[in-house]
């Protein structure tokens, strides 16, 4: 039969197939998908061929498909682990070092050799974990951590976290663990903060001393992700 003698509805069907680029042999598309560029795509509620919504661009289509897949695909969080010798707590790794160093020496060691920082007990939960860590390493010794007095002479009464000089830790902050009557400055240069040893009075509280004092210290680093 001559193609010119085909019924009108057949000609119309052929025209739609050619003009819209549909693959009539592809049967993957259903009510929740649509065909675009020869592939079945997830329909996220926007009809790509309606009059109110023109045919999407390839970039738009990729975004719709990605969003739909992410919506229904379970998200698996990576497992966290620490380098050898470190202990994982929440989202950080911590380690107690028993070699005595000045506060600045400990700060530099955590930064350059451990790729981290002096540990910062910003909450009671972290504080209690660091206390248990340092007591397991050496209960009879004091340990530096990342808190010191402001270097500005006009702001001597302020202490700040080592990672942020403008992050002031006030005596009446939401959480502190100062020993009674501390911080003080009897010597005039007691600028760095340590944990009191477990066996001493006011054990496991915070006290301040000259920064050049050689003490063990606590470092923290970011954990490693296991995919």
The number of residues in the stretch 130-160 that are surrounded by fewer than 18 Cβ atoms within 10 Å (Cβ to Cβ) and either under 25 Å from the mean Cα position of the chain (by Cα) or in a helix (DSSP H, G or I) (or both) is 6
Condition check for residue 116: at negative phi, free of Cβ contacts under 8 Å to residues at least 12 places away in the same chain, in contact with a strand residue (DSSP E or B) (Cβ under 9 Å, 6 or more places away or on another chain) and in the same structural domain as residue 197 (by TED's automatic domain parsing):
no
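Within the stretch 196-227, can you find the residues that are touching a helix residue (DSSP H, G or I) at 6+ places or on another chain (Cβ under 6 Å) and either outside the structural domain of residue 92 (by TED's automatic domain parsing) or not in a loop (DSSP other than H, G, I, E, B) (or both)?
Restricting attention to the stretch 196-227, the residues satisfying the condition of being touching a helix residue (DSSP H, G or I) at 6+ places or on another chain (Cβ under 6 Å) are 198, 204, 211, 217-219.
Across the stretch 196-227, the qualifying residues are 217, 218, 219.
Name the residue that is farthest from residue 119 (Cα to Cα), counting only residues in the stretch 161-195 that are touching a residue at least 40 places away in the same chain (Cβ under 8 Å) and assigned to a loop (DSSP other than H, G, I, E, B). Walk me through how you get there before you give the answer.
Residues of the stretch 161-195 that are touching a residue at least 40 places away in the same chain (Cβ under 8 Å), as a first pass: 161-163, 175, 177, 190-195.
After this cut, where a residue has to be assigned to a loop (DSSP other than H, G, I, E, B) as well, the list is 162-163, 175, 177, 190-191.
Numbers: 162: 9, 163: 10, 175: 15, 177: 15, 190: 19, 191: 17 Å.
This residue is 190.
The values are calculated or read from the model by the stated rules, or taken from the named source; none is laboratory data. Note that the structure is predicted; figures quoted are calculated from it, not measured. Note that we place each Cβ from the backbone using ideal geometry, even for glycine, and neighbour counts take in every protein chain shown.
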